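Comments concern the structure below.
Just so it is clear, none of the values below were taken in a lab; they were calculated from the coordinates. Keep in mind that what you see is a predicted model, and the values were worked out from it rather than measured. Virtual Cβ from ideal backbone geometry, glycine too; neighbours counted across all protein chains shown.
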Amino acid sequence: MSFLSTMFGTTPGVFLGLTLVFMGGCAFMAGQALASTWRSAWQALPYGLLLGSVDRFLVYGLFGGKLLSLPGYLLDTGLLVGIALLAYRFTRTGQMVNQYPWLYRRTGLLNWAKRNGHGA
């Protein structure tokens, strides 16, 4: 076993496939759902903690990785929370620009700004 497998409790292939692709997709959908229902961004944290726990269990149950690996859990959870927050901001930007086009304009993938000379 390599140092990374010993430290994080899984192999790089399992990390890429299960954590980033599968669970990252779940985190992306959670961030979109939070934004589309007009909830607060801080709610991505508890969802990310739960997704990190599910990820650790799947690594253990399907691939024989370490279930109780604190560095692995922190890495997985941090990435999943980050993905959820990015999806939240991306979705919220689209909402603000599409729902209030007379007030806001898109200034990037994750940002919007007030339109000049318009609004109340």
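On the stretch given as the range 95-115, residues that are part of a loop (DSSP other than H, G, I, E, B) and among the β-branched types (Val, Ile, Thr) total 1.
Which of (1) buried (at least 19 other Cβ atoms within 10 Å of the Cβ); (2) in a loop (DSSP other than H, G, I, E, B) is the odd one out, the single condition ARG92 does not satisfy? That leaves (2) as the condition not met.
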